[in-house]
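For reference, the structure is listed below as structure tokens.
No lab work stands behind these numbers, since they all come straight from the coordinates. Everything numeric here is computed off the predicted structure, so don't read it as measured data. In this analysis, Cβ positions are derived from the backbone assuming ideal geometry, glycine residues included, and neighbour counts consider all displayed protein chains.
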There are 2 protein chains.
Amino acid sequence: MRTTEGTGARQSTLRSSNLALVLRTVCAAAQPLSRADVAGRTGSTRATAARLVDELVAGGLLDEGERVAPPRRGRPATPLLPGGRIGALGLQVDAGLLAARVLDLRGRVVAESVEDGDFVGSDPAATLRRLGALATELLAGVPGQLRLVGAGLALPGIVSVADGVLLRAPNLGWSDVRPADLLAPHLPGGLHPTPGNEADLAARTVAEIAPGRPGERRDFLYLSGQIGIGGAAVLAGQVMTGSAGWAGELGHVCVDPGGPPCRCGSTGCLEQYAGRHALLTAAGLPLDTPSAELAARAAAGEPGAGRALETAAGALGVGLAGVVNVLDIPTVVLGGYLGALADLLRPEVEALLARRVLSARWRRPTIEAATAAPAAGATGAALRALADVLADPVRWLH
Amino acid sequence: MRTTEGTGARQSTLRSSNLALVLRTVCAAAQPLSRADVAGRTGSTRATAARLVDELVAGGLLDEGERVAPPRRGRPATPLLPGGRIGALGLQVDAGLLAARVLDLRGRVVAESVEDGDFVGSDPAATLRRLGALATELLAGVPGQLRLVGAGLALPGIVSVADGVLLRAPNLGWSDVRPADLLAPHLPGGLHPTPGNEADLAARTVAEIAPGRPGERRDFLYLSGQIGIGGAAVLAGQVMTGSAGWAGELGHVCVDPGGPPCRCGSTGCLEQYAGRHALLTAAGLPLDTPSAELAARAAAGEPGAGRALETAAGALGVGLAGVVNVLDIPTVVLGGYLGALADLLRPEVEALLARRVLSARWRRPTIEAATAAPAAGATGAALRALADVLADPVRWLH
DNA sequence: GGCTTATGTTCTACGGCAGAACAAAACCCG
DNA sequence: CGGGTTTTGTTCTGCCGTAGAACATAAGCC
């Protein structure tokens with residue numbers, strides 16, 4: 001049950017807790033549930049489940065679908081679905097794009113816009129103003145009955161969750177920026193996006209297919225291949241945030257202390273071997289080469305491309321082994337640039353992990369590719385905003 | 001509120017949850033609380049708090065102390081303390097010792113026995129039989145009114161929490177052992193100790209001073225310096241277990257891929273530089289040299305000892321930097337053998353961390369020493385057993 | 001010794017759930 | 001086609017555990 005930390009539970013806590021459980025139960029289901037189904041799955045009576053469902057339906061968090069003739073005797077069930085008129089806005093700034101995306105409580109993309117550009121070294125105020133314009137245009141096309149419950153912003157850097165400050169985004173060249181403050185004036189309806197780390201938010205899209213709907217994997221390490229490498233660790237479907245919210249910097253695990261210097265101040269960081277710029281430089285290719293082209297060249301036997309991938313695989317094997325040993329999470333999902341290269345990287349990385357991970361004998365580490373999705377961080381930002389509804393639906397019931 | 005995952009809350013859940021909250025509140029307090037204090041701290045009414053306290057007192061989980069004249073007007077308060085007649089048994093097998101320790105709900109050591117020996121390569125059945133005898137003798141001397149609610153066993157290796165199998169303990173030379181099954185026949189009263197990793201359990205003694213009483217640090221990395229190096233990550237007072245319970249293997253983070261082979265199958269593992277055997281070998285000292293002697297020799301300027309510590313510090317700096325980047329936990333507590341060397345290791349390790357940790361500018365990583373405590377794992381094992389009482393006191397109320 | 005203050009106890013009312021009974025809406029079968 | 005069966009949804013009553021008020025107790029203060 002959800003209480004304020006250290007505060008006793010009371011009847012209202014019971015209600016809140018059970019409303020949340022009912023909403024989660026319906027959202028998690030692969031098929032629509034009935035009130036009787038909800039009662040069965042939550043262990044409550046049909047009377048209680050019905051009462052709670054009625055409240056959620058009245059508040060728009062659940063919808064009732066059309067009853068269909070059942071394939072069996074008995075009264076037909078009223079199907080329940082997550083509210084289709086509840087949505088959230090996800091935004092993203094990356095080195096090479098701006099994105100805005102609206103998702104509803106069923107996980108559907110209601111509207112989206114992705115705009116390419118070069119934002120490395122850009123002025124934060126100008127870039128965020130531009131993103132605001134993108135989002136405003138997008139929202140103008142969204143049906144009026146869609147109720148936006150929140151917004152989020154994915155950024156490629158360290159975000160202080162406590163006060164919303166982007167402390168440092170090396171790939172953008174930004175430091176100590178308050179992105180929500182810069183952006184909010186350019187958004188309609190008083191939206192104030194919550195900033196978050198891009199890799200954390202992208203990882204969420206692997207952990208959840210739709211709000212409250214678990215993905216295939218609940219425990220995994222996510223590597224987001226961008227200019228550098230972002231990362232996130234996910235356990236039981238939850239992104240690990242660490243004590244200040246800055247966890248997951250897998251790209252800055254040192255794989256060779258005598259290796260090249262990194263912009264972070266360290267040496268031999270994983271992203272110096274397996275980041276997009278590192279890979280393309282090692283392969284002797286232009287920095288804007290698509291990952292599919294690098295993969296094709298390596299597959300075709302070009303020595304430069306092959307060696308670059310070999311070096312990257314070696315670094316990934318060494319760096320990730322330590323992480324798997326420390327976190328006990330043997331599934332690695334490669335996203336962004338690295339996702340397209342997963343098949344080429346997998347044999348050597350898995351071999352190194354099998355050798356270097358203490359528990360490999362009992363649970364073999366695996367490398368997988370994330371489903372290709374442009375601006376996955378924007379989707380993750382919207383999912384996180386929607387997660388607030390699932391966590392405490394009472395706040396959205398009037 | 002504590003429900004079975006996915007099960008709705010009901011009146012009984014309210015009661016269980018509030019009983020647990022009241023017990024936790026009293027256990028966490030630095031000074032005894034009254035019923036009125038408990039009401040104030042939990043947000044409930046004095047009537048409700050009194051009713052819940054009465055139940056816990058009746059069940060022995062709380063004790064009422066002697067009322068003392070108050071320093072102010074008003075009716076004197078009845079002080080409440082954690083139940084002094086509730087205890088748990090903690091056991092430990094290490095390469096060089098066996099330990100048994102009984103703690104009560106106030107965190108007091110009621111009885112203890114530590115026996116030195118050499119258990120490397122020992123027969124598990126014989127060693128555990130010996131530990132059983134040690135524990136049985138200890139329990140014979142414990143007051144009859146102490147009610148043991150459980151027992152735990154700390155082991156230096158990978159433990160499968162799901163089925164209680166010690167998969168591998170390299171320092172003992174044990175593999176695929178069911179320690180509770182071997183031990184239980186030699187313990188009185190049907191005790192069936194839950195096995196756990198030594199570093200995880202030792203870390204718990206830093207996170208908790210007594211059952212439910214937080215230690216000074218809530219978020220830290222714990223390194224347990226034994227023959228090798230065990231480790232644990234603690235966040236918000238909770239030891240991170242990972243997806244199978246095998247997290248925390250900080251000793252097997254690779255700090256140099258070209259480094260010496262490790263027994264784990266990898267190369268260049270941290271424990272090959274900073275483990276006790278690695279340190280003493282590098283210093284040219286016998287393997288049973290106490291840490292105080294190594295520290296003294298290094299402090300006295302012996303080049304071998306100094307270089308060994310220098311090398312260890314370098315490895316710790318590189319290896320821990322990656323872990324801090326991934327977990328976002330910048331406080332490192334050194335225990336076991338490493339605790340005694342913390343002062344000598346600190347300058348260089350902190351310098352390396354300051355340079356290599358991404359967020360060091362905002363939160364400077366620090367190296368601290370754990371309070372010296374022989375067989376800290378045994379204490380941690382008892383604390384964990386007692387934690388089950390705090391988590392769900394209803395189970396212990398008849 | 002009366003007043004004031006704080007704690008502890010008793011009593012009543014309320015919220016939210018369980019469980020039973022009833023109603024509705026289907027399919028099945030003779 | 002109508003009665004029987006089955007399943008879902010609705011209504012009603014009772015119970016559990018809390019809040020809140022009132023009262024009782026146990027002190028110190030003046």
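Dipole orientation for chain A: of the candidates A:330, A:124, A:70, A:70 has the Cα lying most toward the positive pole (charges on Cβ; Lys, Arg +1; Asp, Glu -1).
Legend: calculated FRET efficiency, residue B:281 to residue B:395, from the Cβ-Cβ distance at R0 = 35 Å, rounded to 0.05, equals 0.10.
Computed from Cα atoms, the angle from the helix B:303-327 axis to the main principal axis of chain B rounds to 50 degrees. With a simple spin-label model that places each label point 7 Å from the Cα along the Cα-to-Cβ direction, the separation between residue B:372 and residue A:115 comes to 6.6 nm. About the centre of its Cα atoms, the range B:11-82 shows a dipole size close to 340 debye [charges on the beta carbon of Lys, Arg (+1) and Asp, Glu (-1) only; nearest 20 debye].
The overall shape of the range A:11-82 is prolate: from the C-alpha gyration tensor, with semi-axes ordered a ≥ b ≥ c, the ratio a/c is 1.5 or greater and a/b exceeds b/c. For chain B, the Cβ-based charge dipole about the Cα centre amounts to some 1780 debye (Lys, Arg positive; Asp, Glu negative; other atoms uncharged).
Relative to the longest principal axis of the Cα atoms of chain A, the long axis of helix A:198-207 makes an angle of roughly 60 degrees.
Only the Cβ atoms of Lys and Arg (+1) and of Asp and Glu (-1) were treated as charged; on that basis the dipole of the protein assembly as shown about its Cα centre amounts to roughly 2860 debye. Ranking A:156, A:316, A:245 by how far each Cα lies toward the positive end of the dipole of chain A (charges on Cβ) leaves A:245 at the top. Sites listed here are GluC sites (Glu not before Pro) in the range B:1-86 whose DSSP assignment is loop and whose Cβ has at most 13 other Cβ atoms within 10 Å: B:5, B:66. In terms of the Cα gyration tensor, with a ≥ b ≥ c the square roots of its eigenvalues, is the range B:176-281 rounded because a/c is under 1.5, prolate because a/b exceeds b/c, or oblate? Verdict is oblate for the range B:176-281. Using only alpha carbons, the protein assembly as shown has a radius of gyration to Kirkwood radius ratio (Rg to Rh) of 0.99. Here is the size of chain B from its Cα atoms: Rg then Dmax, 22.7, 73 Å.
Each of A:254, B:27, B:262 has some number of other Cβ atoms within 10 Å of its Cβ, and from fewest to most they run B:262, B:27, A:254. The angle between the Cα long axis of helix A:376-391 and the longest principal axis of the Cα atoms of chain A comes to about 30 degrees, rounded to the nearest 10. Among the GluC sites (Glu not before Pro) found in the range A:117-219, those both in a DSSP coil and sparsely packed, with 14 or fewer other Cβ atoms within 10 Å of their Cβ, are A:216.
Computed from label points 7 Å out along Cα-Cβ, the spacing between residue A:136 and residue A:11 is 4.9 nm. Exposure here means at most 10 other Cβ atoms within 10 Å; with trypsin sites (Lys or Arg not before Pro) in a DSSP loop as sites, the longest stretch of chain A lacking them is A:74-398. With neighbour counts taken as other beta-carbon atoms within 10 Å, the residues A:396, A:246 rank, fewest first, as A:396, A:246. As a rough footprinting exposure proxy, the listed residues A:294, A:279 were ranked by other beta carbons within 10 Å of their own, and the order from fewest upward is A:294, A:279. The range B:247-272 and the range B:326-398 have their alpha-carbon centroids 21 Å apart. Placing a label point 7 Å from the Cα of residue B:351 along the Cα-to-Cβ direction, the distances to the matching points in the other copies come to 4.0 nm, shortest first.
As a length-normalised measure over Cα pairs under 8 Å and 6 or more apart, the relative contact order of chain A settles at 16 percent. Across every pair of non-identical alpha carbons in the range A:216-369, the mean reciprocal distance, once inverted, gives a Kirkwood radius of 15.4 Å. Using a cutoff of 8 angstrom between alpha carbon atoms and counting only pairs six or more residues apart, the relative contact order for the range A:1-101 works out to 21 percent.
With the label put 7 angstrom out from Cα along the Cα-to-Cβ vector, residue B:69 ends up 8.9 nm from the copy partners, going from closest to farthest. If you stretched the chain out fully between residue A:57 and residue A:216, how much longer would it get, using 0.36 nm times the residue separation minus the C-alpha to C-alpha distance? Taking residue A:57 through residue A:216 to full extension adds about 54.4 nm, to one decimal. A crude spin-label estimate for the pair residue A:343 and residue B:75, with each label 7 Å from Cα along the Cβ direction, gives 7.8 nm. Distances between equivalent label points of residue A:292 across the copies, with each point positioned 7 Å along Cα→Cβ, amount to 6.9 nm, shortest listed first. Pairs of Cα atoms nearer than 8 Å and 6+ residues apart set the relative contact order; for the range A:216-369 it is 23 percent.
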